[in-house]
Structure formats: structure tokens, C-alpha cells
Amino acid sequence: MKYILSVLLFTCLFFNVSAQTKVDDALLLDYYQNQRFADASDYLKTVYTEPVTDLKALSQLAYTSNMAGRLPEAEGYYQRIYDIDSTRSGVLFSLGSINLRRGNSAKAEVYYKRIAAKDTTNFMVYKQLAQISLDKGDIGSQIAYLQRANKINPADADIASDLANRYIDIKLLPQAENVLNKATAADPENIILLESLMKLSYAQKKWAETVDACLKLLKNGNESSIVRTKLGVSYYNLKNYNCGAETFADIPALVQNEYTYYYAAMCYKALKDHKRAIAFLEKAINDGISTSIASYYGEIADSNEKLSKYKKAVLAYQKGLQFEERPMIYYSLANLYEVNLKDNKTAAKYYKKYLASNPPATEKNYIAYAKSRTRLND
């Protein structure tokens, strides 16, 4: 009797599990085709009741949760699959990808490195590890991973461009050229590669080649200030000053800088248009000087004052005034001469300069004090 009850219990459990795990494939396919992954995930949870240990069931739950953007759930399912079968590299890749999407690059890196330890030919893993290294600011590791990925697939434009750009940054120009030659042979019209070729030819001072690359980029819609700047500088070095000046004039004012103003000035100077040359050189000077320099010197002076290094403080205040005549610098100088150097005559001079510099009304207490001290030398 006990044996019969055991058999009946087993039979009931078997049929119960079978009933629970029977998936309506047509319904699931409809969810997939209509991108209704959240519905698919909810449906599967009604079919596969916990605890779920079947790998196929866990895979479906992990996939639908991932596609539905339910990342914590998806990670949990994938982790359970990996705990059952740690040989699945695809599961590790999914875990890495999910953690990247969740902003946990350190955890993603662990999963990708596990794959790389098993499979040294996995291009996508090295590509992801290169990106993680870049995000960490570990340029050495980024280059190493880019090199491995490029060796596996030298035709991949993204990897070839990133690696070549790094080589250009560290002045390994022959290596950059070699990488780009292989990639462009496979895809000569690739704009990403063309941008890197522009950077390379510019670094090599191959001005005609740089002009050619820049013009192609402009034709294909890349009208960035970087492209126009390199084009303008290349025209200047080719002594094509008219084209150089026109190119710099096409750069929007908001993205002009000391560099572009300088080369525009040099183009006008070569064209003997000295008035414009002077105007653009003045713009270059103004753009090259930080608007905060006067404040920096003021802070240096204040620190020197607190260290009782009064002569150094005076020099710093005066240096700050060379960049911008700020009212408070005049006041600070006056106060320094009055209180620390006991030079009332010079103090009065700077108090007058402070008042003449139109200090803001918010400094009314300073203004009142300055007015009361302008006769210190009388």
C-alpha cells in the first residue's frame, strides 16, 4: 500500500510539473514578434513556477527579462544558469552586457575577463574591455585590448579608428598608418576611418592629403570645427592663404578659439591685409587669456598676505591688474598698503583707483570706507 501511494504521488508530481512547463509557443512567438517582451516575461512566470532549475526555462526567462529592460531580474536568471553550467560563455557575455547597462563596469569587466581567459579569439570581449578601460582612464590597457581586437579583425572600422587615434596621440604614426591602411582596404568609403586618416595626415604634416580628407568629410556632411580648423591650417601651410582665410571665416563664432584666430591672422598677414591680421591677433590674445586669471592672482596675493609676504602680495595684485582692472583688487592693494605696509600715501592712491573703477553697489561698505581713507596722505 505504501509503495502504491509513493507511485501515485510521483505520478501526480510528474504530470503537475509537465502541465506547469508546457509553453504556448504560438503565444510566445506573437509576443516576440510584436516586441512585447514584458508580457512574454510575465507569461513565462505563470508557466515556470519557482524554483526553476531547467536551463531552457531559465534561458527564456533571462532573455525576456533582459529584452524588457528588467535588468536586475535578467541578471539573476543568467547568474542561476551560470551557477548550473559555468561553461557557457554566452551567459557570461550577457552578464557583462547587463552590468554595463546598469553602469557597473567593474563587475562587467570581471565577466568579460573570464571569457577572455577561456577564449583568446573573442573579438567582442576585447572590444568591450577596451571601452571599459577607456571609461576608467586606463589608456595603456585600452590600447592593449584594441591591439588584440584589431589583430583578430583588422577590418573593423571602429576598432581600427580607435587604435589609430591612440597611436596618433602617442606619436606612433607608422603604426597608425599600418592599422588604417588595412581597414580602409576593406572599406575605403568609411567616414569613421576617413576622420582618422585626416588626423594622421595632419600629424604627419601631409597638408595636401589633409585637405583632400577634410574636403571629403565636408562633402559627406561633417562640418565640425575640427575638420574646418585642420583644413584651414593645411591651406595656410600650402600657402593657399585665400582659401585658408575663407575656411576660418566659415567656423561659427561660438567655436572659434585662440588657435583659429591666430591662423586666420597669419593668412591675412600673408595676404598683406594687416588691419585684419591685427584684429584677429587681438582676438587670439583675448581668447588665450582666461577671464579668471585676475582672480587667480588675487588669491595668490591674499595667501601671500596671510603668510606676511607683503611684497610678494603686492606683486601678485599688480600682476592681476595687468589682466583685468577689478575694483576689489584695487581695494585689497590699498588695504595692504594701509594696514601692513603703513604706507598711507600709496594706500590713498589705490583707494581712489578703487572708487574710480565703478565698484558695484553691493560693495557699499567698502565704498564708504574707501571714501573715508582717500585723505590718508594729507
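Readers should treat all values here as calculations from the given coordinates under stated rules, not as data from a laboratory. Note that the coordinates shown come from a computational prediction; the quantities given were computed from them, not determined experimentally. Neighbour counts are summed over all protein chains in view; Cβ atoms, including those assigned to glycine, are modelled from backbone coordinates with ideal geometry.
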Can you list the aspartates and glutamates whose alpha carbon sits under 18 Å from that of LYS107, skipping same-chain ones fewer than 8 residues off? GLU73, GLU75, ASP83, ASP135, ASP138
For LYS345, go through the lysines and keep the ones whose alpha-carbon is under 18 Å away, minus same-chain ones fewer than eight residues off. LYS311, LYS353, LYS371
Please work out the C-alpha center-to-center distance from region 251-296 to region 119-186 and express it in whole Å. 37 Å
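Add +1 for every Lys or Arg and -1 for every Asp or Glu among the other residues with Cβ under 14 Å from the Cβ of ALA186, and state the total. Please list the in-between numbers first.
Working: positive: LYS182; negative: ASP156, ASP158, ASP187, GLU189.
My count for the surroundings of ALA186 gives -3.
Does region 76-147 come out rounded, prolate or oblate, given a ≥ b ≥ c as the square roots of the eigenvalues of its C-alpha gyration tensor, rounded meaning a/c under 1.5 and, failing that, prolate meaning a/b above b/c?
Values: a/c = 2.91, a/b = 1.53, b/c = 1.90.
Verdict is oblate for region 76-147.
Placing +1 at every Lys and Arg Cβ and -1 at every Asp and Glu Cβ, with all other atoms neutral, what dipole size does the chain have around its Cα centre, in debye to the nearest 20? Show your work: numbers first, answer last.
Working: 49 positive and 41 negative charges, 377 e Å.
Dipole about the Cα centre, nearest 20: 1800 debye.
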Roughly speaking, what is the centre-to-centre gap between region 304-378 and region 41-93 when only Cα atoms are used, to the nearest Å? 72 Å
Of LYS205/LYS275; LYS309/LYS352; LYS239/LYS272; LYS113/LYS151; LYS306/LYS342, those spanning more than 20 Å from alpha-carbon to alpha-carbon: LYS205/LYS275; LYS309/LYS352
Burial order of peptide ranges 142-152, 43-53, 157-167 (average beta-carbon count within 10 Å, highest first): 157-167, 142-152, 43-53
Reviewing [x] 35.0; [y] 21.4; [z] 30.9, the figure for mean projected area of the Cα convex hull in nm² actually calculated from this model sits under [x]
For the Cα atoms of the chain, what angle does the longest principal axis make with the long axis of helix 310-323, in degrees from 0 to 90, nearest 10? 80 degrees
Answer in debye to the nearest 20: the dipole magnitude of region 253-336 about its Cα centre, from +1 Lys/Arg and -1 Asp/Glu charges placed on Cβ, is 280 debye
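With each run of n ≥ 4 DSSP H residues scored as -39500 (n - 2.57), what mean residue ellipticity at 222 nm is computed for the chain after dividing by its residue count and rounding to the nearest 500 deg cm²/dmol?
Numbers: 22 runs with 284 residues, N = 378.
Helix contribution divided over all residues of the chain: -24000 deg cm²/dmol.
Would you please name the trypsin sites (Lys or Arg not before Pro) within region 227-336 that are DSSP coil residues with at most 11 other C-beta atoms within 10 Å of their C-beta?
The qualifying sites are LYS239, LYS272.
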Could you tell me which of SER59, ALA265, TYR126 has its Cα farthest along the dipole of the chain towards the positive end, charges placed at Cβ (Lys, Arg +1; Asp, Glu -1), taken about the Cα centre? ALA265
